[in-house]
Amino acid sequence: MAGKGKLVEAVAYIRTSSAANVGADKDSDKRQRAAIEAYAKRAGFALVGEFTDAAVSGADPIETRRGFAELLDRIEGNGVRTVIVEDASRFARELVTQELGILALIKRGVRVLTAAGDDLTDSSDPSRVMMRQIAGSFAQYEKTRLVAKLRAARERKRAAAGKCEGRKSWAEINPELVCEAKRLRRRSSKGYQRSLRDVAAELAKLGFVNQRGVEFSASAISSMIAAR
């Protein structure tokens, strides 16, 4: 309970599970809102914000929910440390997903209360603490697995193409420019090799300039000449 005196600020989190529950003629969000407001008034909380994930399945990962992300931004930005939901299922139907959402708030020093007055962040229940540990371990495993999967994909791409993601080479951006740069860099009939700056100047005469409309730098010319 918030107790008597100055009201403790809190925010509400509402989730509707399907598009059928969204709209002026539907009452899922209205029911949740009414229950949260009634509890806040009864327990001495002042609701200062509401965050909603509409038409979001209870099985959808917490980190993919826009409303929940906005809730975290608000918490991190203004110091509100109490979140009120209608019941635990508003976070998720699946227990692991539910606990991951609650765990994200616990890490930010936030209490999660239901409209029935239950404290979902209570750490005195050994079974809940165990489930949060399992959920946290599972999330870390999934993150590590994804990182390894992406790394393997990059390595396969690099092996096949000789490179991976990143800035395109000059040969990909403008093959004609690269050909001219290499031609100009070759030894002339007089037996000398043009400097990189001379190559840039000659390219400018031919209409090849950088995005700012000026001659290419010596380093840019060097990259072009080295391009395959």
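The values are calculated or read from the model by the stated rules, or taken from the named source; none is laboratory data. Just so it is clear, the structure is predicted and the values come from calculations on it, not from any experiment. Positions of Cβ are backbone-derived with ideal geometry, glycine not excepted, and every protein chain shown enters the neighbour counts. The area values use the complete protein model at the heavy-atom level, side chains included, leaving out ligands, DNA and RNA. Shrake-Rupley method; radii C 1.70, N 1.55, O 1.52, S 1.80 Å.
Restricting the stretch 93-112 to residues that are at pLDDT 75 or above and not in a helix (DSSP H, G or I), which is farthest from ALA38 (Cα to Cα)? Selected residue: LYS107.
Of the residues that sit in the stretch 38-59 and are in contact (Cβ under 8 Å) with a residue 12 or more places away in the chain and not hydrophobic (A, V, I, L, M, F, W, C), which one is most open to solvent (accessible area, probe 1.4 Å)?
Looking only at the stretch 38-59, we keep the residues that are in contact (Cβ under 8 Å) with a residue 12 or more places away in the chain, and these are 38-40, 43-59.
Then keep just the ones that are not hydrophobic (A, V, I, L, M, F, W, C); that gives 39, 44, 49-50, 52-53, 57-58.
Details: TYR39: 11, GLY44: 11, GLY49: 18, GLU50: 82, THR52: 58, ASP53: 6, SER57: 47, GLY58: 6 Å².
Top of the filtered list is GLU50.
Contact map, the stretch 100-119: first residue over 18 Å from ARG31 (Cβ atoms), second residue open to solvent by less than 10 Å² (accessible area, probe 1.4 Å) and among the aromatic types (Phe, Trp, Tyr), Cβ cut-off under 7 Å, separation 6 or more or different chains; pairs are GLY101/PHE68; GLY101/PHE91; ILE102/PHE91.
Does GLU165 meet the test of being modelled with pLDDT of 70 or more, charged (D, E, K, R) and either part of a loop (DSSP other than H, G, I, E, B) or open to solvent by 90 Å² or more (accessible area, probe 1.4 Å) (or both)? Here the answer is no, as GLU165 does not meet what is asked.
In the stretch 139-160, the residues that are modelled with pLDDT under 65 form Cβ pairs under 6 Å with partners that are open to solvent by less than 100 Å² (accessible area, probe 1.4 Å), at six or more places apart or across chains, as follows: ALA139/LEU100.
The conditions of being surrounded by 13 or more Cβ atoms within 10 Å (Cβ to Cβ), modelled with pLDDT of 85 or more, part of a loop (DSSP other than H, G, I, E, B) and not aromatic (Phe, Trp, Tyr) are met by VAL80. Selection of first residues in the stretch 64-76 that are on the phi < 0 side of the Ramachandran plot and of second residues that are part of a helix (DSSP H, G or I), restricted to Cβ pairs under 7 Å at least 6 apart or on distinct chains, gives the following pairs, ordered by first then second residue: PHE68/ILE62; PHE68/GLY101; LEU72/ALA104.
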